[in-house]
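Colleague: Dropping a structure here in structure tokens format, bear with me for questions.
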Amino acid sequence: MKSIHQTHPHLPLSAEPRIHESSLIFNSFAGEWTSIGPTNRMLESSIGDYSYTMDDVTINYAEIGKFTSIASHVCINPVDHPMDRVSQHHMTYRISEYGFADTDDAEFFDWRRGNRVTIGHDVWIGHGAIVMKGVQIGTGAVVGSGAVVTKDVEPYTIVVGVAARPIKARFPKEICEALLQIAWWDWPREWLEERFHELNDVNAFVKKYG
């Protein structure tokens, strides 16, 4: 993983992560051939090789795998307010900003960090979807546009709706299991280049490499 820094938005993708100049990235990391789109906000998160985000994406406290596609206006791990306090306002934990103390509520922010989201490899998250705190999304899954994911999603499962519910698997069980075993997302780039023409036929691919 490489530390993220901003580059010009119109350069072609390369092993160096491409970050749009309008995005705000805080203490986060990216793999090779990654792309972060316009007006993203990423906080204490990581994104794996070849994964990308479109515009207006928010990612907080999350680990995202390789080859994952994140559409515009997605929010991953929206942060919580302290609903058990007299007031759930910022002032109760961003204390220094309001002049009530010299330091903020470190314990509260540590609690936020402890509710991380984990997203597997080759996941597609559709436009405007929200992935709630602590959720794990399995490799190969699809999250439909506008879905609100409140529970874990199994690998290669398509979920839609509010709250998100599974509607079907992308492939038969034996195909899903074979793809997880092959783990092509971990192949080195030279292997991908040699086998790239085989990625469009899942049955032949599994038969050859499973």
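Yes/no matrix, rows are residues, columns are (1) among the basic types (Lys, Arg); (2) without any contact (Cβ under 8 Å) to a residue 24 or more places away in the chain; (3) under 30 Å from Asp110 (Cβ atoms):
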{"residue": "Gln136", "(1), (2), (3)": "no, yes, yes"}
{"residue": "Ser145", "(1), (2), (3)": "no, no, no"}
{"residue": "Val149", "(1), (2), (3)": "no, yes, yes"}
{"residue": "Thr157", "(1), (2), (3)": "no, yes, no"}
{"residue": "Leu180", "(1), (2), (3)": "no, no, no"}
{"residue": "Phe196", "(1), (2), (3)": "no, yes, no"}
{"residue": "Val202", "(1), (2), (3)": "no, no, no"}
{"residue": "Lys207", "(1), (2), (3)": "yes, yes, no"}
{"residue": "Gly210", "(1), (2), (3)": "no, no, no"}
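Colleague: Let me ask something else. Which members of region 36-48 meet the condition of being in contact (Cβ under 8 Å) with a residue 40 or more places away in the chain and open to solvent by 10 Å² or more (accessible area, probe 1.4 Å)?
Modeller: Glu44, Ser46
Okay, residues lined up against (1) closer than 21 Å to Val160 by Cβ; (2) open to solvent by 60 Å² or more (accessible area, probe 1.4 Å):
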site	(1), (2)
Thr34	no, no
Thr53	yes, no
Glu63	no, yes
Ile76	yes, no
Arg85	no, yes
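Colleague: Still on this structure: Any idea which of Thr157, Thr139 is polar (S, T, N, Q), over 13 Å from the mean Cα position of the chain (by Cα) and within 19 Å of Pro172 (Cα to Cα)?
Modeller: Numbers: Thr139 fails: over 13 Å from the mean Cα position of the chain (by Cα).
After ruling out the rest, the residue left standing is Thr157.
Colleague: Same structure again: Take Ile59 and tell me if it is touching a Leu at 6+ places or on another chain (Cβ under 8 Å), of a type in the set (A, V, I, L, M) and surrounded by 19 or more Cβ atoms within 10 Å (Cβ to Cβ).
Modeller: Against the criterion (touching a Leu at 6+ places or on another chain (Cβ under 8 Å), of a type in the set (A, V, I, L, M) and surrounded by 19 or more Cβ atoms within 10 Å (Cβ to Cβ)), Ile59 qualifies.
The values are calculated or read from the model by the stated rules, or taken from the named source; none is laboratory data. A quick note: this is a predicted structure, and the numbers were derived from the prediction, not measured. All Cβ positions, glycine included, derive from the backbone under ideal geometry; neighbour counts span all protein chains shown. Ligands, DNA and RNA are stripped out before the accessible areas are found, and what is left, the full protein with its side chains, is counted by its heavy atoms. Shrake-Rupley method; radii C 1.70, N 1.55, O 1.52, S 1.80 Å.
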